[in-house]
Amino acid sequence: MNFQHITLISFGYFEKNILEKISKEVSQEFLIPVKVKEGYLDLSDFLDASRRQYNGTDLLKEVDVMYATDPVKTIGLFSVDLYIPILTFIFGQAYLNGRSGISSHYRLSNERYGMKKDDVLMLERFTKEVIHELGHTFGLIHCHVPTCVMRSSTYVEDIDQKSMHLCAQCCSTLSLKQPA
């Protein structure tokens, strides 16, 4: 892979340690340096008031146009409820073989589902989703290996069942180290 680095852009407030932990895991998984930046978008432009959600497709386009550059992979990090017209909600979205993606932690916390708060689990879920969306930008499609981070996730339980890492086949596709 011939990319200078990966950029994580926070749109909204994220604690510094959250961004540091995600960037460390992403860097270790893809063997590429990660930079963290802050960005600004007027999110009201992307709100569908009738759904009380934000249009992921339009946000992804905006992140790509305003913040992505070649040869850098860029992921926008959000804390709002994302959707695409054909789905009730999404955790993230990316351009396959593209330069950008987005991910939101809005639906990743236990409290959203009436369970006890678990910041460690929420961070793990968010990191998996960021790595998943980056995998798409590198050309990976959904994987059928149950523990691969590239397996599709419809519910948080799906995210919990997979690891934070690419399987051997996905690593091979990207010419990365084999998982331990």
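Structure notes:
- Residue within segment 135-147 that is surrounded by 13 or more Cβ atoms within 10 Å (Cβ to Cβ), without any contact (Cβ under 8 Å) to a residue 60 or more places away in the chain and in a helix (DSSP H, G or I) present: yes
- Note on segment 150-172: residues that are closer than 15 Å to PHE30 by Cβ and either in contact (Cβ under 8 Å) with a residue 60 or more places away in the chain or acidic (Asp, Glu) (or both) amount to 3.
- The conditions of being over 28 Å from GLN53 (Cα atoms) and of a type in the set (A, V, I, L, M) are met by LEU166.
- When restricted to residues that are within 22 Å of VAL72 (Cβ to Cβ), part of a loop (DSSP other than H, G, I, E, B) and of a type in the set (Phe, Trp, Tyr), segment 1-33 contains 3.
- For segment 61-114, the candidate set comprises residues that are among the aromatic types (Phe, Trp, Tyr) and more than 15 Å from ILE131 (Cβ to Cβ); within that set, the residue that is nearest to the chain's Cα centre (by Cα) is PHE78.
- In segment 121-134, the qualifying residues are those that are aliphatic (A, V, I, L, M) and under 12 Å from the mean Cα position of the chain (by Cα), and the one that is surrounded by the fewest Cβ atoms within 10 Å (Cβ to Cβ) is LEU123.
- Against the conditions (1) part of a helix (DSSP H, G or I); (2) crowded, with 18+ Cβ neighbours inside 10 Å, HIS165 satisfies every one except (1).
- Filter pass, VAL156 being in contact with a strand residue (DSSP E or B) (Cβ under 8 Å, 6 or more places away or on another chain), closer than 24 Å to TYR13 by Cβ and among the β-branched types (Val, Ile, Thr): no
- The residues in segment 15-33 that are surrounded by 17 or more Cβ atoms within 10 Å (Cβ to Cβ), touching a His at 6+ places or on another chain (Cβ under 7 Å) and at pLDDT 95 or above can be counted, and the count is 1.
- Conditions (1) in a loop (DSSP other than H, G, I, E, B); (2) over 18 Å from PHE30 (Cβ atoms): number failed by SER175: (2)
The values are calculated or read from the model by the stated rules, or taken from the named source; none is laboratory data. Here the structure is a predicted model, which is why all the values come from computation and not from measurement. As a convention, Cβ positions derive from the backbone with ideal geometry for all residues, glycine included, and neighbour counts pool all protein chains shown.
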